[in-house]
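Down below is the structure, laid out as structure tokens.
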Amino acid sequence: MTDQPGVVVTGVSGRMGQMLVRELGRSDRLRLSGALERPGHAWVGRDLGEAMGGAPLGVTVSDDPLDTFARAQAVLDFTAPEATVEFADLAAQARCVHVIGTTGLQPAHLDRIRAAAHHAVIVRAGNMSLGVNLLTRITRQVAAALDADWDIEIVEMHHNRKVDAPSGTALMLGEAAAAGRGVDLADASDRGRDGLTGARRRGDIGFAALRGGDVVGEHEVIFATEGERIVLKHIASDRALFARGALRAALWGQDRAPGEYDMLDVLGLND
Ligand SMILES: NC(=O)c1ccc[n+]([C@@H]2O[C@H](COP(=O)([O-])OP(=O)(O)OC[C@H]3O[C@@H](n4cnc5c(N)ncnc54)[C@H](O)[C@@H]3O)[C@@H](O)[C@H]2O)c1
Ligand SMILES: O=C(O)C1=N[C@H](C(=O)O)CCC1
């Protein structure tokens with residue numbers, strides 16, 4: 001018997017799912033207690049280690065979230081918006097800490113997550129790395145110091161399998177820039193320019209999304225004015241850093257009061 005919190009990895013065959021399993025294998029503070037995939041997936045019913053091409057792990061891949069969550073203390077969830085809102089309800093029922101890395105969440109998804117957080121601890125962030133979360137703080141500070149003569153543009157690049165744009169990270173950086181400038185991002189956001197767009201609107205925060213190859217994640221926040229430019233940049237070259245952030249959040253969330261938290265809370269960077 002062990003008193004290490006048991007952790008379920010959802011979307012376990014995915015890029016992040018497999019990375020989370022590897023990082024859990026290195027952890028001496030958390031243990032893998034369950035693995036989940038969508039119904040009909042070829043891994044369901046198989047030993048997870050064997051499905052990953054290695055030695056057996058003694059954990060069978062399940063497609064039953066409630067059954068796996070009932071035997072765990074935390075759920076690490078990097079899947080898709082519709083799956084994540086279902087998991088938020090079920091993780092709250094099972095009183096598991098729900099760590100949400102899924103991006104592309106729309107307002108209706110966010111409302112359901114907020115409701116679930118009345119009953120359970122949810123840690124949600126579009127990026128779980130220390131570097132990006134620190135960059136949101138720097139972005140807010142720089143935006144607060146500059147007026148709207150400085151155009152703000154956020155450029156991101158990811159691998160060619162990514163299904164949502166702008167990235168969750170780009171939106172975090174946009175929110176930080178808007179907060180620094182004292183505006184609402186919904187009113188200032190300019191996305192997807194194409195064709196005869198007209199001149200740039202003063203005060204807008206622009207987004208551009210590039211997709212190609214195996215890029216893990218790159219983000220630039222550009223502040224541009226007459227004669228000069230400030231460029232803040234983050235490069236992720238290994239998904240392990242997102243996975244490590246998620247494990248840290250799962251531990252941090254144990255015995256915490258119900259509510260919705262982010263990585264700034266986990267990292268002690270919130271003010
Ligand atoms: N917050 C962060 O730090 C961070 C980092 C990397 C990726 N992400 C986000 O995580 C998500 C996943 O990224 P990925 O690259 O691993 O994608 P992926 O497509 O490789 O993996 C997603 C997995 O989820 C599974 N899935 C979908 N619906 C499911 C369901 N109902 N039940 C169980 N499993 C289900 C899929 O079968 C797949 O295996 C994306 O939204 C991505 O943007 C966030
Ligand atoms: O690979 C992805 O997908 C990533 N998603 C997050 C985002 O949308 O910002 C974090 C970086 C990798």
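With r as the distance between the Cβ atoms of Leu66 and Leu264 and R0 = 30 Å, compute the FRET efficiency 1/(1 + (r/R0)^6) and round to 0.05.
Computed FRET efficiency for Leu264 and Leu66: 0.45.
Rolling a 1.4 angstrom probe over the protein chains, ignoring ligands and nucleic acids, what is the accessible area of Ser189 in square angstrom, nearest 10?
Spelled out: Ser189, probe radius 1.4 Å, area about 40 Å².
Dipole magnitude of the chain about its Cα centre, charges +1 at Lys/Arg Cβ and -1 at Asp/Glu Cβ only, in debye to the nearest 20?
Dipole about the Cα centre, nearest 20: 440 debye.
Quick one: net charge around Ser167, please, counting Lys, Arg +1 and Asp, Glu -1 for every other residue with C-beta under 11 Å from its C-beta.
Combined, the nearby Lys, Arg, Asp and Glu give -1.
Could you check how much of the accessible area of region 130-236 is carbon and sulfur, as a whole percent, using a 1.4 Å probe?
About 50 percent, which is the carbon plus sulfur part of the accessible surface.
Report the label-to-label distance for Arg202 and Ile230 in nanometres (one decimal), using points 7 Å from each Cα along the Cα→Cβ vector.
For the pair Arg202/Ile230, the computed spacing is 2.0 nm.
I'd like the accessible area for Glu82: 1.4 Å probe, protein heavy atoms, all chains in place, Å² to the nearest 10.
For Glu82, solvent-accessible area is about 130 Å².
Can you give the local net charge around Glu37? Use residues other than it whose beta-carbon is closer than 10 angstrom to its beta-carbon, Lys and Arg +1, Asp and Glu -1.
Local charge sum for Glu37: +1.
Between Pro107, Pro166, Pro258, find the one with the highest GNM mean-square fluctuation for the chain; connect C-alpha pairs within less than 10 Å.
Maximum fluctuation in the GNM of the chain, among the listed residues, is at Pro107.
With +1 on the Cβ of every Lys and Arg and -1 on the Cβ of every Asp and Glu, and nothing else charged, how large is the dipole of region 130-236 about its Cα centre, in debye rounded to the nearest 20?
Using only the charged Cβ atoms, the result is roughly 220 debye.
What whole number of Å gives the distance from the Cα centroid of region 30-55 to the Cα centroid of region 86-157?
Measuring centre to centre over Cα atoms gives 28 Å.
Need one number: % antiparallel among DSSP beta bridges in region 130-236, to the nearest 5.
60 percent
Taking a cut-off of 26 Å, what percent of all Cα-Cα pairs in the chain are separated by more than that?
The calculated P(r) of the chain puts 44 percent of pairs beyond 26 Å.
Write down the accessible area per residue of the chain in Å², having rolled a 1.4 Å probe over the full set of protein chains.
It amounts to 48 Å² per residue over the chain.
Note the full-extension length gain between His118 and Ser237 as 0.36 nm times their separation in residues minus their Cα-Cα distance, in nm to one decimal.
Extra length from His118 to Ser237 when fully extended: 39.3 nm.
Using DSSP to define loop residues, name the trypsin sites (Lys or Arg not before Pro) in region 186-268 whose beta-carbon has at most 15 other beta-carbon atoms within 10 Å.
Arg193, Arg200, Arg201, Arg202, Arg256
Would you kindly derive the ³J(HN,Hα) couplings of region 61-71 from the backbone phi angles with the Karplus curve 6.51 cos²θ - 1.76 cosθ + 1.60 (θ = phi - 60°), listing them in order in whole Hz, with x for Gly and Pro?
Once θ is set to phi - 60°, the couplings for region 61-71 become 5, 10, 10, 10, x, 5, 5, 6, 5, 4, 10 Hz.
Taking the Cβ of Asp149 as the center, what net charge do the other residues with Cβ under 15 Å away carry, scoring Lys and Arg +1 and Asp and Glu -1?
Cβ neighbours under 15 Å give a net charge of -1.
Taking the Cα atoms of region 130-236, report the difference between the largest and smallest coordinate on each principal axis, in whole Å and largest first.
37, 36, 28 Å, listed from the longest principal axis down.
Counting each DSSP H run of 4 or more residues in the chain as -39500 (n - 2.57), what helix-only mean residue ellipticity at 222 nm follows after dividing by all residues, to the nearest 500 deg cm²/dmol?
-10500 deg cm²/dmol
The values are calculated or read from the model by the stated rules, or taken from the named source; none is laboratory data. Note that the structure is a prediction, hence the values are computed from the model and not measured. Backbone-built Cβ (ideal geometry, glycine too); neighbour counts: all protein chains shown. Please note that ligands, DNA and RNA were not included when accessible areas were found on the heavy atoms of the full protein model with its side chains. Shrake-Rupley method; radii C 1.70, N 1.55, O 1.52, S 1.80 Å.
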